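A.B. asks: Shown below is the structure under consideration.
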Amino acid sequence: MTRVRRILAALRHRPVAAIGFALVLFWFAAALLAPVLAPFDPVTPLTPFAKPGAQHGGALLLLGTDTLGRDILSRLLFGARSVLVYAIGATVLAYAVGVTAGLAAGYYRGRTDTVLSFAANVVLSFPVLVLYILILTTIGASGLNILLAVTVASAPGIMRVVRGLTLELRARDFVAAAKLRGDGAAYIMLVEILPNLRGPLVVDACLRFGYVIITIGVLGFLGLGLPPPAPDWGSMIKEARQVALAFPHMTLAPAVAISSLVLGFNLLADGLRDPNGRG
Amino acid sequence: MLFFLLKRLGMLALTMLVVSIVVFLLLELTPGNVAAKVLGQYATAEQQRLWLEANGYFDPAFERYLRWLAKLLTGDLGESLCYKVPVGDILWPRLLNTVVLGAAVLAIMVPLSLTLGVIAGMREGRPSDRAISIISIVTTSVPEFASAAFLSALFVFALGWLPGTSAMSGGFDWRELVLPVAVLVLYDFGYVARMTRASMADVMTQPYIRTALLKGLTFRVVVLRHALRNALIAPFTVILLQVNWLLSGVIVVESFFAYKGFGALLLEASLFGDIFLIEACAMVAVVVAVVTQTLADIAYAYLSPRIRFAGGPV
Amino acid sequence: MPDTPPLLEVRDLCVRYGRRRRAVEALRNVSFTVGAGERVGVVGESGSGKSTLALALLRALGAAGSVTGGAMRFRGADISAMPGGALRTLRSSGIGLVQQEPMAALNPAMTIGRQLREVPGLARATAEIVERRIQAMLTEVRLDDPARILAAYPHMLSGGQLQRVCLAMVLLGEPSLLILDEPTTALDSRTSAAIVALIRDMADRHGIALLLISHDLDLIGALTQQALVMRAGEVVDRGTAQEILAGGSHPYTAGLVRSMEAGSSAPPPAGRPHTDGAPLVRFSGIAKSYPLSGRWGSGAGRVAALHGLDLDIAPGETLALVGESGSGKSTLGRILAGLDRADDGAVVFDGKEIGATPVDRRPRDLRLDIQMVFQDPDGSLNPSLGIGRQLSRALASRGAAGDANATADLLESVHLPAAFASRYPRELSGGQKQRVAIARAFATRPRIVVADEPVSALDASLRRDVLDLLRRLQRAHGTALLLISHDLKLVRWFADRVAVLREGVIVECGPVARVLGSPEHAYTRALVDAVVAGGPAGIQFPARAPIF
């Protein structure tokens, strides 16, 4: 409770971070309330190629419809749901794997580190997207597979961050003191080291979360996202690309949506990182 | 130095080996039928069987892998299943197109991001710093496919200044290069600019900068002579690593603007399950990644005289 | 002479860091003057604002700091109102500042030569004259082989050499006032004695006024005539250097002087010299070297820390291990605790060889028998865990009750209130953290405690209390103590026996009074002399700096 209040108080002095927080909050609310807020069903065709502001059966098509006549606003709202659910799931999974591997590599060093670091380097030596494409074209595009692909591709980066921090922390005197009082490796990693990673990892998670959202969008755009007709921001741009020159609203709306959501997390990360709260 | 390079070369070979095996295994697990893809859906089961037999598909997987590896070592990349021509014939021209695109992006992005980063970090906390920082956060938040949509809507739909696709069907045209380059620069410059800013801001707080100012040198001289070199070490390595990132962005941009480059080729090959083409593309990607990483390390060691003596107890 | 203004006049100077509600007053109504050729000392502990004062005088406070009141005049000219050109002239040839950390003060990516040649005062001379002046200046600051120095990068030189380079750089501008901000804290005792002699010599020869900023009263006594005492941004006391060293007129000054004199007060009742009977710890033939990491990550030789060291520690005694930085003294403590492994030799603890077993594989009871108090109070406590949790874990490790009562008792034993159990390390001062660290070390009822420079990171006024505490706990439990220190004054006051370490071997070992009173080895003598040389004025300085 006090922590929430402290964060809110901190945001008052950081207008930039506050804007980020507001954007994030907006999309979370949109995702939660999508069934209430959406004027239409996101997959039911209405009038194809309707411009923003057109009418359908007395109801306003605020952002128009797409090539199949589905209401774009409703698709955006439901799309927020899927992107947030998958982004959260993938980030949590990637952190579980990355933090565990990073702690082990950084604490034990030696052979454990060599093996884990080599595996991470192999994955990281792919351009990320090449990796996604290879994984998803072979195992097929589905929600679960997106989770797995994002985990495989992000965990090595997280591992590197954690490993670096752990290497530095394990050399601190308080770790030596813990060893001298008889504590074992598991206790030292989980109780002595892990809590000290909280600060850097929160910032890293915010940035990475934004990047995961971009990735999910890119996958949708390349046709490797959630299978149609699920409302997916990336797929919406892909589907409308052919007619974008005549109907730019079809690509602009999802582009604005994904950009503002990512921006929210990046601004938040910037605010969290800067302890002086300049700005 | 020689030892270091040899070690890296070994690392490169090992990474390529592991990656090629992983790709091979992944494709081995693919449920699709290669013969059906190549011969079309109207081929009979017998025709498919004959094709598979003729192409050695009934041999064990590791045997086929070793055959591919042996051919790779002689420089033969195999034949594309999708295009039915040697992989090299299609890979190298596409790669060249992407190199043109990437070179244009770097030529604009590097000076732009370094300049902005140095200006921002030079006087930390000033309005110029905040403005540059926020601009770079905003631009890195817009994914390539979204900014491609924005820029197309503006320059193609609203203003009509630029062509909407970049297939270069009528030969090379620089106007078709503008939007792909702009999209990539927009997405990538912010990261390098922020790195440069952080590095510059850190250097400006160092006591030796104060020493230089207290000698009575002007701020300009201090920035140019004392701060710049130390501040650019970290961003320089980041730029080299950025090449690797660029390859990801290139896939999206080439696919959006129908530019015939390496990224689009990789996507097509993957969607088709064109094994030898995928393997070749993956090898190229790994070589690019490891070579840039190595260059970054070498550059870092040369730029920083301290690193030679770092480590060891005091 | 009311007509000629003093060289430097500071009146009611106020400096503030930060803005609005978060602003911190760093200086409040500071006033003093420095006449031409005069030598003034500013004494204060960390956080007293003394470094801020130096930066304010050169308008180098940075973006966060601002002068909010008062005036600073140099030869009558208002420093705050100087335009850019005049300010640069002030910096290049009016006031020279030598900063605290010579390594950080020089650009790591430029050779010493380039950094010296760009001094603005030299710009008008021809290259040949510049070269000659620089060579002469380097010789003057007693740097042998100027050609090698000029071609070197900072990381290739020692701390003492770098501080000489910094001094030369400032003197090339021919300033009339030299500000020295803790010029010797980053150096070991022999080097700093040489630097002190050099500074005095240079000031004499060039007739330069000095403003010496230091926490070290001995240094103030050795170099200045007048002194100010600062505390929390205010001048609390002032007088001649002799008056200040004698205790001044303010209770704070008196306290400061007392804490500095810990070493010269009566020696403690002699501990029980358990030199007969079996030793608790026996080091024999300990050798340890570290790899030097090369440019490309491959080995570039090894640097030896210890070679063939022999040493015994008796139960319950306090053995001090002294030596300069880099002599390998910390390594020995870490080898005993199992945090480092010797390449060769044996460590016998209570009759059993333990040197080959790293701490992770030692039996629990053995681990608990050997505890450490570390040098850096910030690194020694986990910043993310509460004090109570860290202490109760240590208590529970020996099977004792680790409950709130036991933790409160433990805190009380180091004079901290029980409420500290719920605090986090960041809420504690350096001295308090070090007390917690001592409590933690004794919580496992160890048979020996290795204290590695336990007070060198603390302000002088805190050192004595922390040491008293350490000694009281040690006596109460009959614990042996291996004190690792570079501070001979502290050792003389605190230890039963002393071992002098030089380049990895013990050159002299015996009762403190004998070893430090009449040293037999030349190196021990040089160490003892360095302390005396840094001492109060009036004591003879060596004519030339010792070679280091």
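A.B. asks: What's the Cα-based Rg to Rh of region C:102-158, Rh via Kirkwood?
C.D. replies: 0.95
A.B. asks: I've got another one for you. Stokes-Einstein diffusion coefficient for region A:48-129 at 37 °C in a medium of 0.692 mPa s, Rh from the Kirkwood formula over Cα pairs: what value in µm²/s?
C.D. replies: 197
A.B. asks: Can you work out D for region A:115-189 in µm² s⁻¹ from Stokes-Einstein, where Rh is the Kirkwood radius over C-alpha pairs, the temperature is 4 °C and the viscosity is 1.567 mPa s?
C.D. replies: Once the numbers are plugged in, D ends up at 88 µm²/s.
A.B. asks: While we're here: Please work out the Cα center distance from region C:3-82 to region B:37-68, rounded to the nearest Å.
C.D. replies: If you average the Cα positions of each part, the centres end up 85 Å apart.
A.B. asks: At 7 Å along the Cα-to-beta-carbon direction for both C:E503 and A:S260, put a label point, then send me their distance in nm to one decimal.
C.D. replies: 7.3
A.B. asks: When the helices in chain B are scored as -39500 (n - 2.57) per DSSP H run of 4 or longer and the sum is shared across all residues, what 222 nm value do you end up with, to the nearest 500 deg cm²/dmol?
C.D. replies: Computed ellipticity for chain B at 222 nm equals -24500 deg cm²/dmol.
A.B. asks: Using Cβ counts within 10 Å as a stand-in for footprinting exposure, how do C:Y290, B:Y208 rank, fewest first? All intermediate terms of the calculation are to be shown ahead of the outcome.
C.D. replies: On the way: C:Y290 17, B:Y208 24.
Going from least to most buried by this count: C:Y290, B:Y208.
A.B. asks: Shifting gears a bit: Membrane-span-like helices in chain A: DSSP H runs reaching 24 Å or more (Cα, own axis), mean Kyte hydropathy at least 0.5?
C.D. replies: Qualifying helices: A:15-32, A:72-108, A:143-170, A:198-221, A:249-273.
A.B. asks: Then there is this: I need the phi-derived Karplus couplings for region C:452-458: 6.51 cos²θ - 1.76 cosθ + 1.60, θ = phi - 60°, integer Hz, Gly and Pro marked x.
C.D. replies: Once θ is set to phi - 60°, the couplings for region C:452-458 become 9, 6, x, 10, 5, 8, 9 Hz.
A.B. asks: Separate question: What fraction of the Cα pairs in region A:1-117, stated in percent, has a spacing above 23 angstrom?
C.D. replies: 58
A.B. asks: Order these by the 10 Å Cβ neighbour count, fewest first: C:R75, B:R8. The partial results should precede the final answer.
C.D. replies: Values: C:R75 15, B:R8 18.
In order of increasing Cβ crowding within 10 Å: C:R75, B:R8.
A.B. asks: Which value in nm describes the separation of the simple spin-label points at C:T240 and A:H56, placed 7 Å from the Cα toward the beta carbon?
C.D. replies: A separation of 9.7 nm, rounded to one decimal place.
A.B. asks: Can I ask one more? Could the peptides A:205-212, C:308-315 be put in order, highest first, of the mean number of other beta-carbon atoms found within 10 Å of their residues? Walk me through the intermediate numbers first.
C.D. replies: Values: A:205-212: 22.8, C:308-315: 19.1.
Those peptides, ordered most packed to least, come out A:205-212, C:308-315.
A.B. asks: So, one more: What residues have an amide H closer than 5 Å to that of C:V505, excluding those fewer than 5 places away on the same chain, when H is modeled at 1.01 Å from N in the peptide plane?
C.D. replies: HN-HN under 5 Å from C:V505: C:H307.
A.B. asks: Here's another thing I want to ask about it. Using only Cα atoms and rounding to the nearest 10 degrees, what angle (0 to 90) does helix B:228-257 make with the longest principal axis of chain B?
C.D. replies: For B:228-257 against chain B, the angle is about 30 degrees.
A.B. asks: Also, quick follow-up: Cα axis of helix C:430-443 to longest principal axis of chain C: angle in degrees, 0 to 90, nearest 10?
C.D. replies: Orientation of helix C:430-443: about 10 degrees from the principal axis.
A.B. asks: A further question follows. Given the pairs A:K179/C:K433; A:K179/B:K7; C:K288/C:K433; B:K7/C:K329, which span a C-alpha to C-alpha distance of over 25 angstrom in this model?
C.D. replies: A:K179/B:K7; C:K288/C:K433; B:K7/C:K329
A.B. asks: In Å and on Cα atoms, what radius of gyration and Dmax does region C:285-432 show?
C.D. replies: Looking at region C:285-432, its Cα Rg and Dmax stand at 18.7, 55 Å.
A.B. asks: Can you list, bin by bin at 5 Å, the percent of alpha carbon pairs in chain A, starting at 0?
C.D. replies: That works out to 1, 6, 11, 13, 14, 14, 12, 10, 8, 5, 3, 2, 1, 1, 0, 0, in percent per bin.
A.B. asks: Per residue of A:259-267, how many C-beta atoms from partner chains lie within 10 Å of its own C-beta, taken as a mean?
C.D. replies: 4
A.B. asks: Mind checking the angle between helix C:404-413 and chain C's longest principal axis? C-alpha axes, 0 to 90 degrees, to the nearest 10.
C.D. replies: Compared with the principal axis, the helix lies near 60 degrees.
A.B. asks: Can you work out ³J(HN,Hα) from phi for every residue in region C:510-525, in order, using Karplus 6.51 cos²θ - 1.76 cosθ + 1.60 and θ = phi - 60°, giving whole Hz and x for Gly and Pro?
C.D. replies: In residue order, the calculated couplings are x, x, 4, 4, 6, 5, 8, x, 9, x, 9, 8, 4, 5, 4, 4 Hz.
A.B. asks: Let me know the volume per residue of the alpha-carbon convex hull for the protein assembly as shown, in Å³.
C.D. replies: 218
A.B. asks: Let me ask you something else. How compact is chain B by the rule of thumb for globular proteins, expressed as Cα Rg over 2.2 N^0.38 Å?
C.D. replies: 1.25
A.B. asks: With a ≥ b ≥ c the root eigenvalues of the C-alpha gyration tensor of region C:54-106, is it rounded (a/c under 1.5), prolate (a/b larger than b/c) or oblate?
C.D. replies: It comes out oblate by the Cα gyration axes.
A.B. asks: Which shape class, rounded, prolate or oblate, goes with region A:113-157 when its Cα gyration tensor gives a ≥ b ≥ c as root eigenvalues, a/c under 1.5 marks rounded, and past that a/b bigger than b/c marks prolate?
C.D. replies: It is prolate, given that a/c is not under 1.5 and a/b is the larger ratio.
A.B. asks: Simple spin-label model, 7 Å along Cα-to-Cβ: C:E427 to A:T44 in nm?
C.D. replies: The answer from the label model is 5.8 nm.
A.B. asks: How far is the Cα center of region A:40-93 from the Cα center of region B:210-271, in Å?
C.D. replies: 37
A.B. asks: Show me, for region C:189-204, the HN-Hα J-couplings you get by feeding each phi into the Karplus relation (A = 6.51, B = -1.76, C = 1.60, θ = phi - 60°), rounded to Hz, glycine and proline as x.
C.D. replies: 5, 5, 5, 5, 4, 5, 5, 4, 4, 5, 4, 4, 4, 5, 5, 4
A.B. asks: Using only Cα positions of region C:1-122, each an equal point scatterer, no hydration layer, compute I(q)/I(0) via Debye at q = 0.13, 0.15, 0.16 Å⁻¹ and quote the log10 values to two decimals.
C.D. replies: Per q value, in the given order, log10 I(q)/I(0) is -0.62, -0.82, -0.92.
A.B. asks: Here is a follow-up. For a quick protection proxy, order the peptides C:235-243, B:152-160 by their average other-Cβ count within 10 Å, most packed first.
C.D. replies: Numbers: C:235-243: 18.2, B:152-160: 15.4.
Top of the packing list down: C:235-243, B:152-160.
A.B. asks: Now for a different question. Using packing as a proxy for protection, rank C:102-109, C:158-165 so that the peptide with the highest average count of other Cβ atoms within 10 Å comes first.
C.D. replies: Highest mean packing first, the order is C:158-165, C:102-109.
A.B. asks: Any idea what the relative contact order of chain A is, in percent, if you count C-alpha pairs under 8 Å spaced at least 6 apart?
C.D. replies: RCO, chain A: 26 percent.
A.B. asks: Right, here's the next one. Rounded to the nearest Å, what's the spacing between the alpha carbon centres of region B:115-133 and region C:183-235? Just the number, please.
C.D. replies: For region B:115-133 versus region C:183-235, the Cα centre distance is 39 Å.
A.B. asks: Here is a follow-up. Charges on Cβ only, +1 for Lys and Arg, -1 for Asp and Glu, centred on the Cα centroid of the protein assembly as shown; of B:V222, C:S48, B:M11, which one is farthest towards the dipole's positive end?
C.D. replies: C:S48
A.B. asks: Can you compute the helix-only [θ] at 222 nm over chain C? Use -39500 (n - 2.57) per DSSP H run of at least 4 residues, normalise by all residues, nearest 500 deg cm²/dmol.
C.D. replies: -10000 deg cm²/dmol
A.B. asks: Shifting gears a bit: How big is region A:63-214 in terms of Cα radius of gyration and Dmax, in angstroms?
C.D. replies: 19.3, 70
A.B. asks: Can you tell me the FRET efficiency between C:T68 and B:I135 if r is taken as the Cβ-Cβ distance and R0 is 51 Å, rounded to the nearest 0.05?
C.D. replies: Values: r = 34 Å, r/R0 = 0.66.
Once rounded, the FRET efficiency stands at 0.90.
A.B. asks: Once Rh for region C:408-456 is found with the Kirkwood sum over Cα pairs, what is the Stokes-Einstein diffusion coefficient at 20 °C and 1.002 mPa s, in µm²/s? Don't skip to the end; give the middle numbers.
C.D. replies: On the way: Rh = 11.5 Å.
It comes out at roughly 187 µm²/s.
A.B. asks: Now for a separate question. Extent of region C:378-486 along each principal axis, from alpha carbon coordinates, in Å, largest to smallest?
C.D. replies: 37, 30, 20
A.B. asks: Once region C:359-412 is represented by equal point scatterers at the alpha-carbon sites, with solvent omitted, what log10 I(q)/I(0) does the Debye formula produce at q = 0.18, 0.23 Å⁻¹?
C.D. replies: -0.73, -1.06
A.B. asks: Under 5 Å between amide H atoms, partner at least 5 residues away or on a different chain: which partners does C:D344 have, H built in plane at 1.01 Å?
C.D. replies: Result for C:D344 returns C:A287.
A.B. asks: On to the next question. Of A:F26, C:F74, how do they rank once you tally other Cβ atoms within 10 Å and put the fewest first?
C.D. replies: The most exposed by this proxy come first: A:F26, C:F74.
A.B. asks: Counting only C-alpha contacts under 8 Å and six or more residues apart, can you give the relative contact order of chain C as a whole percent?
C.D. replies: That works out to 15 percent.
A.B. asks: If you don't mind, there's one more thing I want to ask. Write down the Kirkwood hydrodynamic radius of region C:126-174, to one decimal in angstroms, obtained as one divided by the mean of 1/r over all alpha carbon pairs.
C.D. replies: This gives a value of 11.0 Å.
A.B. asks: Please work out the FRET efficiency for the pair C:R19 and C:S80, using the Cβ-Cβ distance as r and a Förster radius of 22 Å; give the result to the nearest 0.05. Write down the numbers at each step before the final one.
C.D. replies: On the way: r = 19 Å, r/R0 = 0.85.
Plugging the Cβ-Cβ distance into 1/(1 + (r/R0)^6) gives 0.75.
A.B. asks: Going by a ≥ b ≥ c, the root eigenvalues of the Cα gyration tensor, does chain C fall in the rounded group (a/c under 1.5), the prolate group (a/b larger than b/c) or the oblate group?
C.D. replies: Prolate shape, in that a/c is at least 1.5 and a/b is the bigger ratio.
Laboratory data are not the source of any read-out in this text; all were calculated from the coordinates shown. If you're wondering where the values come from, they're calculated on a predicted model, not measured in any experiment. Neighbour counts run over all protein chains shown; Cβ positions are idealised from the backbone, glycine included.
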